[in-house]
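*Asks:* Dropping the structure in here first, questions after.
The values are calculated or read from the model by the stated rules, or taken from the named source; none is laboratory data. Here the structure is a predicted model, which is why all the values come from computation and not from measurement. Cβ: placed from backbone, ideal geometry, glycine included. Neighbour counts: every protein chain shown.
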């Protein structure tokens, strides 16, 4: 039972991280119908920024709480800056081209960012400081759950609530929903579509940065390649839930997290990624619109 | 052109420079070593980024304007002739014959003019020509974005390596078997996924590519895992002993033959009933079906045929390196082959050949740049999509002449 | 005269919305039949059901090739419907923009020819002969729609009216016995519309092809149709000759009334 609980909570943690990234995918897809392949790299850049900031601040002699807050803020700021710049360079000029062009451009961006960090930093794994404090309350349960896992699950939950409020009640949230429904119509009724797209990238990038810092601090090491795999997994989760659907992305992430956790726990850990990809292939074959997605009839 | 140097434009570029200095500051300037707690500050990078962003932003705006001229200017005709000139040159039969003649002589004389090191590089480039042309069927002609093409390459390479290891089968038997197995995998994957929409298909093929690689990496009993398979024999002619040098020259000529065969097949397919159906499917799936083309069958043919060439390329690769392991078949390999197709121009044969040589040979000869190779691949994909999505050589279609037609159309 | 197309009680639902509601329609051999009705009446949806793009929720569609047996075609794939002998054009033109005008028509020959990969690679005499036949057949059709000047141009560079004619030629290349035209005159000037009028009549007379068309240009419809079906809100509200339809108060209210307001 303990083992089951451990796997369950491990899956929940994984799922939370996937959700933070998957939301960025699903929101961008909802607004501009683009699979932002480079979204995982934004998460990786967030983690790297946090690592660099934390190291510099540590040498400068700041305390752990200050470091955590500043590193997190800087990671978010930089991830957003990269996300918006990427949109302006690689996607905006392609808004009226064929469907494949932006996807190829996104793959290019992803390769570029990986190698940018590889060349400017290092190809080795870097140890990531454990920024998240240890909770003494949890000590007796250490064999089931770690405090960093609690932090991840709680933070993700908080971010989800904030996001829901933002989309439901703010002006920009309403503009985003309108743009997702019909971009031309939204433009006609006075929605600044460029601003909406920028905001979508900012929100998505922020969540990816939070995810990046949390997971890096949980696992304790990062390299330039972490974004690629995480990105593919999060995309899988988004598709699983029905791409374009926000609750779908969360549900899909949790299902994927548990699948991986239980499959590696009870079957074999060698094939962790095979389970994820195999799952993706199966879902797309049997339910192309995802768990919460709607099948659309193409207009002729 | 001159308006790009007005005060306003300089201000824009300065802002860009500042933005990129800010953007790249943590990653380009600071390098930390968390083990020894040392921080290295590389201020020279900041200057580099600033200057680079300043000048590149001029170029960026200039080319964007060049690509989308303001609607008031009647620049449309100019745009047509500009992009058309190179294609026209290629089409005129005189220059074409001359170019082909020169290429044949150079290709034949190459192993006798250059060292075996150069010959090996050339063989590699030719493998990529074949891979590029094969993927060109899938992506360029049929418009199916396949991000897992490397899986079929791996199938080919491992078929030869394993069949040789366990059953001692020779290269000559394994070449068709590798091709057939890759085609089989193409059909097995294609059957369920080809009804997916374009971008979903891309991700599923990517997933499939990764699955194949991960299985090869982890299934030690079958594939010997990450340590790979060594001692794969090079191809030879039964009864003739060949030195290492001679066998690499032999492989080179074999690769030339395979490349020529590929070119012939692809160019004939392109202007055939089935090739036209691929292109029509790429252009408009619904209209194509409504005109009586069986979507599933046509897509499956493209997929399987593309995979066949990857399979042959894989067998060749295994024979050339005599050692393979899963690390040769990562997603980046798929991305390189895709770049070849995109850079060359989707559907263009000469374009794909040219870009395979550019993308494979340039990093080999510019050793100083070789570590920037992947960075440049990434940038090239983005830049091509933004400025010239049609590739080096844009879509050229066969023209026909008719007796009744009095207009003087230039020949094909 | 025998029917070439019979539709019985055809129904098409999208979620809770009923786009086509128990429609009966038939086209007899050699007829030009028009399908009219206000925007959103379900005309194009009906076309999409007939040509296999949508799978109807209920009812029957029977295609009867002249001299052949009736076939129930609902639920078939679009290419199978085309193979049986129904070909269509689209309301918003769907050509293959980066193929030449001739190649666009050649695609229409796909389902009437059968050379395979091996033939294409070997270029044996059978394949070459078939290829020549495809080219000749397609060129002949281009002459018919007066596009022979443009054979080697890219389809995307054609003027609007010419693109509509090219779509018709492409559909004809599949050798249909029933041609379905979805608003062939949309966006054409009066001169082009007159030419189209002539073209459609000639196709019907010279090639012996029955025609079902959706059209908003009342002059064209009244000129060329043998019979007219009128739809409104997914339902069929009237059938008759142009003269009968012109005098039908229900139609005037539903359709021409809207026209008068517009």
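*Asks:* Conditions: (1) under 17 Å from the mean Cα position of the chain (by Cα); (2) surrounded by fewer than 24 Cβ atoms within 10 Å (Cβ to Cβ); (3) within 14 Å of chain B (Cβ to nearest Cβ). Residue A:230 meets all but one. Number of the miss?
*Replies:* Of the numbered conditions (1) under 17 Å from the mean Cα position of the chain (by Cα); (2) surrounded by fewer than 24 Cβ atoms within 10 Å (Cβ to Cβ); (3) within 14 Å of chain B (Cβ to nearest Cβ), the odd one out for residue A:230 is (2).
*Asks:* As an exercise: evaluate residue A:257 against (1) within 12 Å of chain B (Cβ to nearest Cβ); (2) within 29 Å of residue B:226 (Cβ to Cβ); (3) buried (at least 19 other Cβ atoms within 10 Å of the Cβ) and give the number of the one condition it does not meet.
*Replies:* Unmet for residue A:257, out of (1) within 12 Å of chain B (Cβ to nearest Cβ); (2) within 29 Å of residue B:226 (Cβ to Cβ); (3) buried (at least 19 other Cβ atoms within 10 Å of the Cβ): (1).
*Asks:* Restricting to region C:66-122, and then to whatever is in a helix (DSSP H, G or I), more than 7 Å from chain B (Cβ to nearest Cβ) and more than 20 Å from the chain's Cα centre (by Cα), can you tell me which residue is farthest from residue C:182 (Cα to Cα)? I'd like the intermediate steps shown before the answer.
*Replies:* Taking region C:66-122 first, the residues in a helix (DSSP H, G or I) are C:78-84, C:101-108, C:110-112, C:117-122.
Subsequent filtering for residues that are more than 7 Å from chain B (Cβ to nearest Cβ) retains C:80-81, C:84, C:101, C:104-105, C:112, C:118-119, C:122.
Subset that is more than 20 Å from the chain's Cα centre (by Cα): C:118-119, C:122.
Details: C:118: 38, C:119: 36, C:122: 40 Å.
Here the residue is C:122.
*Asks:* Take the conditions farther than 25 Å from residue C:244 by Cα and either in contact with a strand residue (DSSP E or B) (Cβ under 6 Å, 6 or more places away or on another chain) or surrounded by fewer than 24 Cβ atoms within 10 Å (Cβ to Cβ) (or both) and apply them to residue C:83. Does it pass? Spell out the reasoning first.
*Replies:* On the way: farther than 25 Å from residue C:244 by Cα: yes; either in contact with a strand residue (DSSP E or B) (Cβ under 6 Å, 6 or more places away or on another chain) or surrounded by fewer than 24 Cβ atoms within 10 Å (Cβ to Cβ) (or both): yes.
Spelling it out, residue C:83 is indeed farther than 25 Å from residue C:244 by Cα and either in contact with a strand residue (DSSP E or B) (Cβ under 6 Å, 6 or more places away or on another chain) or surrounded by fewer than 24 Cβ atoms within 10 Å (Cβ to Cβ) (or both).
*Asks:* List the helices (runs of 4 or more DSSP H) that sit entirely inside region A:146-198 and contain at least 2 residues that are in contact (Cβ under 8 Å) with a residue 12 or more places away in the chain and under 30 Å from residue A:130 (Cβ atoms).
*Replies:* Values: elements: A:147-169, A:171-181, A:183-188.
Where helices (runs of 4 or more DSSP H) fall fully within region A:146-198 and carry at least 2 residues being in contact (Cβ under 8 Å) with a residue 12 or more places away in the chain and under 30 Å from residue A:130 (Cβ atoms), they are A:147-169.
*Asks:* Check region C:186-195 and report whether any residue there is crowded, with 22+ Cβ neighbours inside 10 Å and at pLDDT 90 or above. Spell out the reasoning first.
*Replies:* From region C:186-195, those crowded, with 22+ Cβ neighbours inside 10 Å are none; that's our starting set.
Checked region C:186-195: no residue is crowded, with 22+ Cβ neighbours inside 10 Å and at pLDDT 90 or above.
*Asks:* Out of the residues in region C:219-235 that are in contact with a strand residue (DSSP E or B) (Cβ under 6 Å, 6 or more places away or on another chain) and not in a strand (DSSP E or B), state the one that is farthest from residue C:204 (Cα to Cα).
*Replies:* C:234
*Asks:* If I ask for residues that are assigned to a loop (DSSP other than H, G, I, E, B) and farther than 22 Å from residue B:31 by Cα, which ones from region A:94-132 would you list? Please lay out each step first, then the result.
*Replies:* Of region A:94-132, the ones assigned to a loop (DSSP other than H, G, I, E, B) are A:95-99, A:121-125, A:128-132.
Across region A:94-132, the qualifying residues are A:95, A:96, A:97, A:98, A:99, A:132.
*Asks:* Checking residue A:152 against (1) within 14 Å of chain B (Cβ to nearest Cβ); (2) crowded, with 23+ Cβ neighbours inside 10 Å: exactly one of these is not met. Which one?
*Replies:* If we test residue A:152 against (1) within 14 Å of chain B (Cβ to nearest Cβ); (2) crowded, with 23+ Cβ neighbours inside 10 Å, just (1) comes out false.
*Asks:* Here's another thing I want to ask about it. Examine region A:83-93 for a residue that is farther than 17 Å from residue B:383 by Cα, within 14 Å of chain B (Cβ to nearest Cβ), assigned to a helix (DSSP H, G or I) and in contact (Cβ under 8 Å) with a residue 24 or more places away in the chain, and state whether such a residue exists. Before you say what the answer is, go through the steps one by one.
*Replies:* To start, the set of residues in region A:83-93 that are farther than 17 Å from residue B:383 by Cα comprises A:83-84.
Now restrict to residues that are within 14 Å of chain B (Cβ to nearest Cβ): A:83-84.
Narrowing the set further to residues that are assigned to a helix (DSSP H, G or I) leaves A:83-84.
Going one step further and asking which of them are in contact (Cβ under 8 Å) with a residue 24 or more places away in the chain, we end up with A:83-84.
Looking through region A:83-93, at least one residue is farther than 17 Å from residue B:383 by Cα, within 14 Å of chain B (Cβ to nearest Cβ), assigned to a helix (DSSP H, G or I) and in contact (Cβ under 8 Å) with a residue 24 or more places away in the chain.
*Asks:* If you don't mind, there's one more thing I want to ask. So is residue B:262 buried (at least 20 other Cβ atoms within 10 Å of the Cβ), out of contact with any strand residue (DSSP E or B) (no Cβ under 6 Å at 6 or more places or on another chain), within 14 Å of chain C (Cβ to nearest Cβ) and in a helix (DSSP H, G or I) or not? Break it down into steps so the answer makes sense when it comes.
*Replies:* Numbers: buried (at least 20 other Cβ atoms within 10 Å of the Cβ): yes; out of contact with any strand residue (DSSP E or B) (no Cβ under 6 Å at 6 or more places or on another chain): yes; within 14 Å of chain C (Cβ to nearest Cβ): yes; in a helix (DSSP H, G or I): yes.
Judged against the criteria, residue B:262 is a match.
*Asks:* Turning to a different aspect of this structure: Select from region B:43-85 the residues that are surrounded by 13 or more Cβ atoms within 10 Å (Cβ to Cβ) and outside any helix (DSSP H, G or I) and write down the one among them that is modelled with the lowest pLDDT.
*Replies:* B:75
*Asks:* Sticking with this one: For region B:22-42, enumerate the residues that are at the interface with chain A (Cβ under 7 Å from one of its Cβ atoms) and in contact (Cβ under 8 Å) with a residue 12 or more places away in the chain.
*Replies:* Hits for region B:22-42 are B:28, B:30.
*Asks:* Could you tell me whether any residue of region A:202-222 is assigned to a loop (DSSP other than H, G, I, E, B) and either under 22 Å from residue A:45 (Cα atoms) or touching a residue at least 60 places away in the same chain (Cβ under 8 Å) (or both)?
*Replies:* Step one: list which residues in region A:202-222 are assigned to a loop (DSSP other than H, G, I, E, B), which gives A:220.
Next, from what is left, pick out any that are either under 22 Å from residue A:45 (Cα atoms) or touching a residue at least 60 places away in the same chain (Cβ under 8 Å) (or both): A:220.
Within region A:202-222 (the criterion being assigned to a loop (DSSP other than H, G, I, E, B) and either under 22 Å from residue A:45 (Cα atoms) or touching a residue at least 60 places away in the same chain (Cβ under 8 Å) (or both)), the answer is yes, since at least one residue qualifies.
*Asks:* Okay, moving on. Quick check: anything in region B:226-242 assigned to a helix (DSSP H, G or I), under 28 Å from the mean Cα position of the chain (by Cα) and within 14 Å of chain C (Cβ to nearest Cβ)? Reasoning before the result, please.
*Replies:* Step one: list which residues in region B:226-242 are assigned to a helix (DSSP H, G or I), which gives B:226-227.
Pick out the ones that are also under 28 Å from the mean Cα position of the chain (by Cα) and you get B:226-227.
When the remaining residues are screened for being within 14 Å of chain C (Cβ to nearest Cβ), the result is none.
No, region B:226-242 has no match at all.
*Asks:* Right, another one. Any idea which of A:87, A:33, A:41 is in contact with a helix residue (DSSP H, G or I) (Cβ under 9 Å, 6 or more places away or on another chain), at pLDDT 90 or above and farther than 25 Å from residue A:221 by Cβ? I'd like the intermediate steps shown before the answer.
*Replies:* Working: A:33 fails: at pLDDT 90 or above; A:41 fails: farther than 25 Å from residue A:221 by Cβ.
Only one candidate qualifies: A:87.
*Asks:* Could you list, in sequence order, the residues of region A:59-78 that are within 11 Å of another protein chain (Cβ to nearest Cβ) and touching a helix residue (DSSP H, G or I) at 6+ places or on another chain (Cβ under 6 Å)? I'd like the intermediate steps shown before the answer.
*Replies:* Of the residues in region A:59-78, the ones within 11 Å of another protein chain (Cβ to nearest Cβ) are A:59-60, A:71, A:74-75, A:77-78.
Across region A:59-78, the qualifying residues are A:71, A:74, A:75, A:78.
*Asks:* Another one. Within region B:289-300, is there a residue that is assigned to a helix (DSSP H, G or I), buried (at least 24 other Cβ atoms within 10 Å of the Cβ), free of Cβ contacts under 8 Å to residues at least 40 places away in the same chain and over 20 Å from the mean Cα position of the chain (by Cα)?
*Replies:* Yes: one or more hits.
*Asks:* Looking for something closer than 24 Å to residue C:132 by Cα, free of Cβ contacts under 8 Å to residues at least 60 places away in the same chain, in contact with a helix residue (DSSP H, G or I) (Cβ under 9 Å, 6 or more places away or on another chain) and surrounded by fewer than 24 Cβ atoms within 10 Å (Cβ to Cβ) - is there at least one such residue anywhere in region B:301-313?
*Replies:* yes
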